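Heads up: the structure comes next, in structure tokens.
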Amino acid sequence: MLGLQRFAGSIVTQLYRRATYTNNARAVSAALATPASNGHNSSDDSESRASTGDGNVRKTKSSGQMVAAAFESLRSEKDPTAKSSAAVMNNIDERIINAKTVNGLLAITENTNSFSRKHALKVVSILAEWSTINRVKISEFENDTRFLRVCRMLGRTALPKNGANGKNGSQAGGSNSNKRISGFRTDDLNTVLGVAGDDEAAKLIASISLPQMVKVMSTLAQRKRRSTPLLRSLAFNISSASEQLDLKQSADVLYAMSMLNFQDSVLGAKVCADVQAELPKNSEKSAVVGSILTSLGIMRYRDLDILESLTQWLLKNSEICRPQDLSAYFLTAALLNFKSGQLEDVRKKLAKSIVREDFTRQSDWLNYVWSLTMLGLVETSHLESVLSADFLSKLQTDKAGLTPTSKMRLLNLNSYAQLCATDYKGTLLPADSPAYDVPMAHTKSKQILVNGMLDALKSLLPASNHVLGSVDSKMGFLIGKLKAARARKQLTLPLKFSDATCQFDAQKNALPLDKNNQDAIRIALMVVDFHDICHGTHRSASGTTNLAIDLLEKSGYQVIPVPYNEFSTSDKLLKRVQYLEAKFKDVLSSK
């Protein structure tokens with residue numbers, strides 16, 4: 001019996017509380033089987049193992065509550081004192097919740113062996129909340145021995161009495177004391193993350209209120225601490241809360257998700273739904289709307305419903321919108337490949353209200369013009385303003401200078417002016433422009449896909465000179481050998497041109513690339529990896545990827561996208577060859 005209890009305790013301490021549970025015998029059996037049958041991704045989470053004789057039990061994402069309930073049921077059958085122990089614990093929880101004063105709250109900590117770290121966290125969280133709303137003063141409990149006991153239980157350094165601090169004297173002690181007291185009042189992460197490791201802190205999240213969860217998530221973002229167990233616990237508990245987030249809280253959660261690169265579809269859906277519900281109530285501030293838009297763009301989170309709602313709000317409240325918030329809308333819409341059903345109203349009411357003088361940095365104006373281009377709203381005057389030598393000179397004086405991103409967007413705009421803006425008569429980037437000097441490299445994961453595609457192409461086409469992989473042209477884009485085409489028309493194509501090029505004649509025979517054939521069908525293959533798409537409710541290729549495809553098609557190429565979820569290097573070579581062969585047949589049969 002004792003061995004079973006120890007084994008139960010070892011497993012329960014490693015699991016999250018993630019689902020409701022039942023006490024019947026069948027549920028108990030299922031719960032006991034869960035640790036042995038379920039696993040999780042080792043690349044995202046650290047794994048711990050508990051000894052079980054001959055082997056180990058892997059830590060899982062299964063329901064902590066279900067397993068806890070299972071062992072509680074077993075203990076109840078074997079140990080008649082288990083039920084009374086659970087009753088004591090529940091009684092302490094009720095007393096903490098019902099406490100109305102500092103003395104009443106701290107009195108609960110006295111004369112009970114059942115008072116746990118979880119209870120201590122609740123007490124400190126409530127005191128922090130009361131002090132935040134000025135219901136109580138820190139001085140009422142900072143030197144109380146019961147409060148100091150709670151601090152010690154949580155692993156905190158006790159607040160020094162009467163401002164004393166040993167060697168540093170009372171003045172320094174008072175300063176440190178004020179900092180720690182301020183932490184109780186304003187930084188709820190100190191009551192969670194500061195008291196234990198990430199796994200332990202994750203289990204305590206369910207014990208704090210929804211506003212405090214949001215504060216914890218915001219603090220993680222501010223500290224740039226990407227704790228996966230803690231973030232997953234926060235995501236689960238915030239998503240499960242029946243309470244609705246207000247607009248500011250929603251903006252804070254999205255900001256944290258974007259800063260920590262944390263994607264969670266359930267949490268994203270919860271936040272977007274709450275934003276839509278709260279948005280009509282806001283008629284005074286556009287900053288929170290701008291923050292939401294910026295975060296959605298950074299995360300590449302594409303939800304057409306929330307984007308349309310934000311569009312309607314901006315149109316209705318355009319008089320109070322700041323230029324930077326409107327600019328955030330255009331940039332996010334461009335990145336997410338979103339064109340509102342009210343695009344003409346957006347052009348007349350929002351785009352027309354922004355002028356170059358609204359931006360202090362030249363790069364912000366460049367980003368705005370680039371986003372208008374991707375949405376099809378750019379005007380000739382916009383293109384002229386960023387392709388002039390004067391603008392490039394001013395851009396180089398920005399604090400960040402001429403960044404690779406700025407170079408890429410300049411090259412995109414230069415290509416657009418030549419290929420798509422038929423009435424454009426303005427200047428273009430000169431041949432010696434520093435914008436052409438941009439480093440070219442794929443990410444490691446994408447390069448693996450590109451190499452796998454090139455291997456398949458070499459097996460499919462008759463000779464090595466019939467296919468050319470990614471080549472840095474030193475003009476700011478990846479390109480095949482297209483010297484003849486460039487000689488006829490000085491094109492500046494997008495940064496990401498193509499990952500492979502080949503050409504065929506009218507009889508669908510592959511042609512060598514080192515020979516110029518005016519009637520050849522030119523094909524460009526583009527690998528579309530995880531980072532080239534938008535995530536969220538409505539997944540699609542990103543605006544940047546679509547722009548590259550559009551410019552390729554305008555320059556005379558038939559484009560074959562090769563998505564990462566259809567083409568895998570783990571597939572056998574024959575399967576990859578067959579995949580590409582089918583793609584070629586589809587394109588050539590349409591000509």
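The values are calculated or read from the model by the stated rules, or taken from the named source; none is laboratory data. Not measured: the values here are computed from a predicted model. Using ideal geometry, Cβ is built from the backbone for each residue, glycine included, and neighbour counts are taken over all protein chains shown. Surface accessibility is based on the protein's heavy atoms, side chains included, excluding ligands, DNA and RNA. Shrake-Rupley method; radii C 1.70, N 1.55, O 1.52, S 1.80 Å.
Can you pull out every residue in the range 541-591 that is part of a loop (DSSP other than H, G, I, E, B), surrounded by 17 or more Cβ atoms within 10 Å (Cβ to Cβ) and modelled with pLDDT of 90 or more? The answer is SER542, TYR564, PHE567. There is at least one residue in the range 248-271 that is touching a His at 6+ places or on another chain (Cβ under 9 Å), on the phi < 0 side of the Ramachandran plot, polar (S, T, N, Q) and surrounded by fewer than 20 Cβ atoms within 10 Å (Cβ to Cβ).
What number goes with the only condition from (1) within 26 Å of the chain's Cα centre (by Cα); (2) within 18 Å of TYR424 (Cβ to Cβ) that GLU379 does not pass? For GLU379, the failing item is (1).
May I ask you to list the residues in the range 280-295 that are assigned to a helix (DSSP H, G or I) and either in contact with an Asp or Glu (Cβ under 8 Å, 6 or more places away or on another chain) or modelled with pLDDT under 95 (or both)?
Kept after step one, since they are assigned to a helix (DSSP H, G or I), are these residues of the range 280-295: 280-281, 287-295.
Result: PRO280, LYS281, ALA287, VAL289, GLY290, LEU293.
From the list VAL369, VAL355, exactly one residue is out of contact with any Lys or Arg (no Cβ under 9 Å at 6 or more places or on another chain) and of a type in the set (A, V, I, L, M, F, W, C). Which is it?
VAL355
Checking each residue in the range 342-381 for being out of contact with any helix residue (DSSP H, G or I) (no Cβ under 7 Å at 6 or more places or on another chain), of a type outside the set (Asp, Glu) and not in a helix (DSSP H, G or I) picks out VAL355, THR360, ARG361, GLY376.
Are any residues in the range 139-154 at pLDDT below 80 and open to solvent by less than 60 Å² (accessible area, probe 1.4 Å), and if so, which ones? Reasoning before the result, please.
Keep residues of the range 139-154 that are at pLDDT below 80, which gives 139, 142, 151-154.
If the condition is that a residue be at pLDDT below 80 and open to solvent by less than 60 Å² (accessible area, probe 1.4 Å), then GLU142, CYS151, MET153, LEU154 are the ones that fit.
For the residues LYS458, LYS446, LYS474, the requirement of being in a loop (DSSP other than H, G, I, E, B), of a type in the set (Lys, Arg) and either under 21 Å from THR501 (Cα atoms) or modelled with pLDDT under 75 (or both) singles out LYS474. Only residues that are open to solvent by less than 30 Å² (accessible area, probe 1.4 Å), polar (S, T, N, Q) and under 30 Å from the mean Cα position of the chain (by Cα) were counted in the range 389-432, giving 2. Criterion first (hydroxyl-bearing (Ser, Thr, Tyr) and modelled with pLDDT of 90 or more) does TYR436 satisfy it? Answer is no for this residue. Among residues of the range 95-117 that are under 17 Å from LEU148 (Cα atoms), those with a Cβ under 6 angstrom from a residue that is among the acidic types (Asp, Glu) and in a helix (DSSP H, G or I), sequence gap 6+ or separate chain, pair up as VAL102/GLU140.
Look through the range 522-536, keep the residues that are touching a Gly at 6+ places or on another chain (Cβ under 8 Å) and at negative phi, and return whichever of them is most open to solvent (accessible area, probe 1.4 Å). Only one residue tops the list, namely ARG522.
Looking at LYS508, LYS489, which one is in contact with a Leu (Cβ under 9 Å, 6 or more places away or on another chain), surrounded by fewer than 14 Cβ atoms within 10 Å (Cβ to Cβ) and at pLDDT below 90? None of the other options fit; the residue is LYS508.
Residues are listed down the side, and each one gets a yes or a no for (1) charged (D, E, K, R); (2) surrounded by fewer than 22 Cβ atoms within 10 Å (Cβ to Cβ):
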residue	(1), (2)
LYS281	yes, yes
VAL288	no, yes
ARG302	yes, no
ILE320	no, yes
LEU326	no, no
ALA333	no, no
LYS349	yes, yes
SER353	no, yes
